[in-house]
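Worksheet for the structure shown next.
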Amino acid sequence: MDSPPYRHILILADIEGSSGCGSYRASSFMTRPWARACAAMSRDVDALAGHLFDAGVRQVTVKDFHRTGYNLLPEMIDSRARIVSGYRRGPVPGLGDPGDADGLMMIGMHAAAGTAGFLAHTLTSRLASLVVNGRPMAEVELFSASLAPHGIPPVFFSGCPAACGQARERIPGMPTFFIDKRIPPDALDAQRWRNEMARAAVQALDGRPAAPYCPAGPFQAEITIRDGRRAAAKMADPWGFERSGATVCIHAPDIHALYYSLIRLCYLPPVVEKSLPLSLALHNQLGRLGRLWVRRQLKIGYRH
Ligand SMILES: [Zn+2]
């Protein structure tokens, strides 16, 4: 067999567009449906990693990119894959060093804030909408662009139909594979779906060569905070972002500056950023505890 054009695939895995998440509750920390969704998300990743290795990919790194970053259960995933849980400091936000990955796959994804997709949001559900240069901006753009300086192109995407549509519109030519969120997880033939998704991803390896995604700036972002003016003030004012009522405006010369400003707005008040190593350590510890709880829930569930 010819060796595939990609040696090391980096997978960013989210939960909303994965096979076991049927509601907002199932995406929420420490709920029973979330525990089941973690197991299903792990099996999705397992199917994808297994198919990639079978197709000749040498290395697969999986970054858990939902909430705490501790949703994936490595014991359920092909042991050849490296699972990276929790969050790390730069150079790539949340991910740290992408190493020598040469292709990016995103699965379990959702559509942009303010658009009609399943659990649509960008970065956090606290943003009612995020409009950049006149159109909604999805995570697929931010994540893909964050890997462009490392020469890593986006090569495959999976999520609800709206998320896939946005991904194809922003990154023309990128293969996508959707999940029908109208089917509840209990009624979905999940193993069949994940195998089909994984086969589509393997096909994407042989597609036309992909280029890193880095749209040119400048960018004007208009962000509406869901909980109104007070919440917006709390998020935006400590950073000095321009704000009018519940609407925050961010001007950025390039997409990396935009992404970093959005991260500050959504996740990092100045006091957290100042003590980032400690904040990350605490956050990751909470994530590990949550994952222990998931394992217990699943064990109890299996006994019944
Ligand atoms: Zn998520």
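Observations on the model:
- Within segment 104-119, residues that are more than 24 Å from L205 (Cβ to Cβ) have Cβ atoms under 6 Å from residues that are in a loop (DSSP other than H, G, I, E, B) and away from the ligand (no atom under 15 Å from the Cβ) in these pairs: A112/M137, counting only partners at least 6 apart in sequence or on another chain.
- Filter pass, A120 being over 16 Å from G103 (Cα atoms), away from the ligand (no atom under 16 Å from the Cβ) and not in a helix (DSSP H, G or I): no
Every residue, every condition in (1) within 16 Å of the ligand (Cβ to nearest atom); (2) among the β-branched types (V, I, T); (3) over 30 Å from A116 (Cβ atoms), yes or no:
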{"residue": "G17", "(1), (2), (3)": "yes, no, no"}
{"residue": "R32", "(1), (2), (3)": "no, no, no"}
{"residue": "A37", "(1), (2), (3)": "yes, no, no"}
{"residue": "L48", "(1), (2), (3)": "no, no, no"}
{"residue": "V57", "(1), (2), (3)": "no, yes, yes"}
{"residue": "K63", "(1), (2), (3)": "yes, no, no"}
{"residue": "I83", "(1), (2), (3)": "no, yes, yes"}
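- Scanning segment 36-95 for residues that are in contact (Cβ under 8 Å) with a residue 40 or more places away in the chain and among the β-branched types (V, I, T) turns up V45, V57, V60, T61, V62, T68, V92.
- Candidate set: segment 89-117, residues that are among the hydrophobic types (A, V, I, L, M, F, W, C) and assigned to a strand (DSSP E or B); chosen: the one nearest to the ligand (Cβ to nearest atom): M109
- Filtered residues of segment 262-304 (kept if out of contact with any Asp or Glu (no Cβ under 8 Å at 6 or more places or on another chain), under 30 Å from A216 (Cα atoms) and touching a residue at least 24 places away in the same chain (Cβ under 8 Å)): L262, I263, L265, C266, Y267, P269, P270, L276
- Residue within segment 123-131 that is touching a residue at least 24 places away in the same chain (Cβ under 8 Å), open to solvent by 30 Å² or more (accessible area, probe 1.4 Å) and assigned to a loop (DSSP other than H, G, I, E, B) present: yes
- Flag for G245 being touching a Lys or Arg at 6+ places or on another chain (Cβ under 9 Å) and without any contact (Cβ under 8 Å) to a residue 24 or more places away in the chain: yes
The values are calculated or read from the model by the stated rules, or taken from the named source; none is laboratory data. Just so you know, these numbers come straight off a predicted model, no measurement behind them. Neighbour counts run over all protein chains shown; Cβ positions are idealised from the backbone, glycine included. Accessible surface areas use protein heavy atoms only, side chains included; no ligands, DNA or RNA. Shrake-Rupley method; radii C 1.70, N 1.55, O 1.52, S 1.80 Å.
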